[in-house]
1. Using the Cα gyration tensor of segment 191-346, with a ≥ b ≥ c the square roots of its eigenvalues, what is the shape: rounded (a/c below 1.5), prolate (a/b larger than b/c) or oblate (neither)?
2. Which ordering of 307, 222 is given by a fewest-first count of other beta-carbon atoms within 10 Å?
3. Would you kindly state how much longer the chain becomes between residue 466 and residue 154 on full extension, computed as 0.36 nm times their sequence separation minus their alpha carbon distance, in nm to one decimal?
4. Could you put 55, 282 in order, starting from the residue whose Cβ has the fewest other Cβ atoms within 10 Å?
5. Can you tell me which of 293-303, 228-238, 318-328 comes out highest on packing, and rank the rest after it, using the mean Cβ neighbours within 10 Å?
6. Per the chain: cysteines with no other Cys C-beta under 4.7 angstrom?
7. Shape verdict for the chain, please, from the Cα gyration tensor: rounded (a/c under 1.5), prolate (a/b greater than b/c) or oblate.
8. Can you give the calculated 222 nm mean residue ellipticity of the chain, where each DSSP H run of n ≥ 4 adds -39,500 (n - 2.57) and the sum is split over every residue, rounded to the nearest 500 deg cm²/dmol?
Amino acid sequence: MRSAMLVGVLAGSVIGGVFTTRAVAQPCAPATWVQRSATEPSARRAPAMVYDEARRRSVFFGGATGGDWPNYISLGETMTWDGATWTTLFPNPSPFPSPTGNDPYPRWEHAMVYDSVRKVIVMPTGAALEIHPNNHHINGTWEFDGSAWRLATLTGPVARHAHALTFDAARNRTVFISGKHGWNDTWEWNGTAWAQSNATPITDRGWAAAAYDPIRERTVVFGGFDDGFNRRSDTWEWDGVSWQQVSAAAPAAMGGRNGATMLWDPARERCVLIAGESGTGRRNDVWEWDGSTWSLRPTTGGMPTRFVHAASYDTHRSVIVLACGITSAGNTAGTWELVTDPKIDTPTPDKAVGFGESTTMTVAASGSGTLTYQWRKGRVPLDNAGRFSGVNTPTLTITGAQMIDSGDYDVIVTGSCGEKTRSHGELTVVCRGDFDGNRSINTADLTGFLAAFGQVGGANSPADFNQDGVVNTADLAAFLARFGSGC
């Protein structure tokens, strides 16, 4: 009886007369859609959302309510999602605002992207019927720094909607692609001015999906509608010089589609396409592009089919966040997240440490079976050598931090089935006492220290040597002890 109960759970063998057991591998659990909110953001179509890495939150803007064209009502809330709570930073403006005001026009079928160099969100153009039903496109480019919007320029791409947008991190450029009404042009924004590419353009398309692949340094574009509302199923890539069609047609099960979203997954290192509308109707499937092939990723959870939704990738919790869109019931509300096994439970926090001090970078993850860990700096795997230890554990230790140790650290967590997740944090090494940044503590730094005396300190303070939160006589003694030395 007892052995029968073990069938299917344990496999055994006899070695030297001793019966040993091992667990039989269980099927790997697919990624699961989990509904985080049924009501926020409120029901709408065609909003935009992007993850703000500096402030660790997804930023959501705009969309439209109402029925079919031309009965749209533009929305203009600015909201953020931190993985637990939606916060409205700026409510929907009323009456409809002036384009010279402090907030952007409400709009729909726009796009946003996070500029990781300047740490701002870029949002060019879009549509709003409230401007004029027959000329409803919005000029200009807005930027959001986490606390306020600013109108960066009124020049650039001709106003339109249903365009695609990525940020090319290798060249520090926002890439603007195509749009509805037959557009097939390519523009780039360097934070100061827009420039149109003279390269042979991509074929025209609106409602296409796009993401940037930082490993291969390519913007990837899939699908969309041509100007005759025929769905495209091709895949293109932009390297900053030219467009290449890398796949003429998607797999039959994927098909052409419009109104999908596409994101870069830094753990699995591939572009992820979510939902959209194909020739067979609205979808809720997930496809991945590895640079040469599209493949279906199994998912569960019952997330309703939809298109023209918003999505972002939370790089600290390693989850895809999805909001709103059009389902079979029409404009829909709410928030879903795609949770993997393993998953990040407590993300890696940002840290600041003084030169020569020791610190740790940590993560908490959970999942089926045994988890393995690999810490990296700037995507380069670390070894247990020199100042680094614990590189294959949840806690990375850095002993006697040097200035060169500043940077982005991430940890790849791999489950028993080979599934991966990731979390990352920024380490800043502070040279205590060095106020002018020349890595030498001398008389030029004395004025800065005296100005900080009696003020609030902290991890990033060059004056708070003992990290007690205030700059006082204890720190003065440490400053004098370091006088004449360097970092």
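Rule-based calculations on the coordinates, nothing more; no lab input. Keep in mind that this is a model prediction, so the values were computed, not measured. We place every Cβ from the backbone using ideal geometry, glycine too, and count neighbours over all the protein chains shown.
1. Since a/c reaches 1.5 but b/c is at least a/b, the shape of segment 191-346 is classed as oblate.
2. Sorted ascending by nearby Cβ count, the order is 307, 222.
3. Here the segment from residue 466 to residue 154 would lengthen by 107.4 nm.
4. So the residues, fewest neighbours to most, are 55, 282.
5. 318-328, 228-238, 293-303
6. 271, 324 - these cysteines have no disulfide-compatible partner (Cβ-Cβ under 4.7 Å) in the chain.
7. Working: a/c = 1.97, a/b = 1.15, b/c = 1.71.
Because a/c hits 1.5 or more and a/b fails to exceed b/c, the chain counts as oblate.
8. Working: 3 runs with 25 residues, N = 487.
The helix contribution divided over the chain gives -1500 deg cm²/dmol.
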